[in-house]
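Novice: Let me give you the structure first, and then I'll get to my questions.
The values are calculated or read from the model by the stated rules, or taken from the named source; none is laboratory data. Note that the coordinates shown come from a computational prediction; the quantities given were computed from them, not determined experimentally. Backbone-built Cβ (ideal geometry, glycine too); neighbour counts: all protein chains shown. All accessible areas refer to the heavy atoms of the entire protein, side chains included, with ligands and DNA or RNA removed. Shrake-Rupley method; radii C 1.70, N 1.55, O 1.52, S 1.80 Å.
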Amino acid sequence: MPRILVQDAPFDLAAESALLTAGRTDVGGLASFVGLCRADDGLSALVLEHYPGMTERALAKIAEQAWSRWSLTGCTIIHRVGRLLPGDPIVLVLTASPHRAAALESCAFLIDWLKTGAPFWKREEFAEGATRWVEAKASDDVAASRWTDRA
């Protein structure tokens, strides 16, 4: 079953990969995606907020869709909240499968849907003191929509 965490603390990619594959001999492919905070337009920090309980349920629902579409042996989603600085890791998606294609495709599916279907609110902070809420991007919707046309 998928492992879902929403946390303030950083995650360790190597430790999470080892945890997902420990003692397994049926894993042929492990795919990962780590999203990092960028310093676009002079960004000094990104503050991520969520509604506990609701967020984890939404992430679990997205992960269950991947689990039902691909032959997965494991799946981990870790999404951070709180105040993050440029260069800090924000999100980790790991998928394990007997074959690489399923691991790679399911990882791409998950990150595309997390960008559009996960209930996080993001506020950007800038060095001069200005702040702004991040709005949804049409390009993220387009990326996610490519998965709705597949069986």
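Novice: Which pairs do you get when a residue that is closer than 16 Å to Trp121 by Cα and at pLDDT 95 or above, found in segment 78-90, comes within reach of a residue that is among the basic types (Lys, Arg) and buried (at least 18 other Cβ atoms within 10 Å of the Cβ), reach meaning Cβ atoms under 9 angstrom, with the pair 6+ apart or on two chains?
Specialist: Here the result reads Ile90/Arg80, each pair linking segment 78-90 to a residue that is among the basic types (Lys, Arg) and buried (at least 18 other Cβ atoms within 10 Å of the Cβ).
Novice: Give segment 97-121 a look and list any residue that's farther than 15 Å from Phe33 by Cα, at pLDDT below 95 and not hydrophobic (A, V, I, L, M, F, W, C), or say none.
Specialist: Matches in segment 97-121: Thr116, Gly117, Pro119.
Novice: Continuing with the same structure: Just for segment 61-75: of the residues that are open to solvent by less than 20 Å² (accessible area, probe 1.4 Å) and in a helix (DSSP H, G or I), which one is nearest to Ala15 (Cα to Cα)?
Specialist: Filtering first and then ranking leaves Ala63.
Novice: Answer yes or no: is there a residue in segment 53-60 that is under 18 Å from Phe11 (Cβ atoms), open to solvent by 70 Å² or more (accessible area, probe 1.4 Å) and not in a loop (DSSP other than H, G, I, E, B). Give the steps one after another, and end with the answer.
Specialist: So in segment 53-60, the residues under 18 Å from Phe11 (Cβ atoms) come out as 55-56, 59-60.
Still in the running and open to solvent by 70 Å² or more (accessible area, probe 1.4 Å): none.
No, there is no match, as no residue in segment 53-60 is under 18 Å from Phe11 (Cβ atoms), open to solvent by 70 Å² or more (accessible area, probe 1.4 Å) and not in a loop (DSSP other than H, G, I, E, B).
Novice: Among the candidates Asp40, Asp8, which residue alone is of a type in the set (Asp, Glu) and within 17 Å of the chain's Cα centre (by Cα)?
Specialist: On the way: Asp40 fails: within 17 Å of the chain's Cα centre (by Cα).
Testing whether each residue is of a type in the set (Asp, Glu) and within 17 Å of the chain's Cα centre (by Cα) leaves just Asp8.
Novice: Checking Ala45 against (1) within 16 Å of Pro119 (Cβ to Cβ); (2) more than 15 Å from the chain's Cα centre (by Cα); (3) open to solvent by less than 10 Å² (accessible area, probe 1.4 Å); (4) aliphatic (A, V, I, L, M): exactly one of these is not met. Which one?
Specialist: (1)
Yes/no per residue for (1) modelled with pLDDT under 95; (2) over 16 Å from Ile111 (Cβ atoms); (3) touching a Leu at 6+ places or on another chain (Cβ under 9 Å); (4) open to solvent by 50 Å² or more (accessible area, probe 1.4 Å):
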| residue | (1), (2), (3), (4) |
| --- | --- |
| Ile4 | no, no, yes, no |
| Ala14 | no, yes, no, yes |
| Thr21 | no, yes, yes, no |
| Gly35 | no, no, yes, no |
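Novice: Which numbered condition in (1) part of a helix (DSSP H, G or I); (2) open to solvent by 70 Å² or more (accessible area, probe 1.4 Å) is the only one that Thr25 fails?
Specialist: (1)
Novice: Separate question: Do we find that Ala39 is surrounded by 16 or more Cβ atoms within 10 Å (Cβ to Cβ) and in contact (Cβ under 8 Å) with a residue 12 or more places away in the chain in this structure? Give the steps one after another, and end with the answer.
Specialist: Numbers: surrounded by 16 or more Cβ atoms within 10 Å (Cβ to Cβ): no; in contact (Cβ under 8 Å) with a residue 12 or more places away in the chain: yes.
No.
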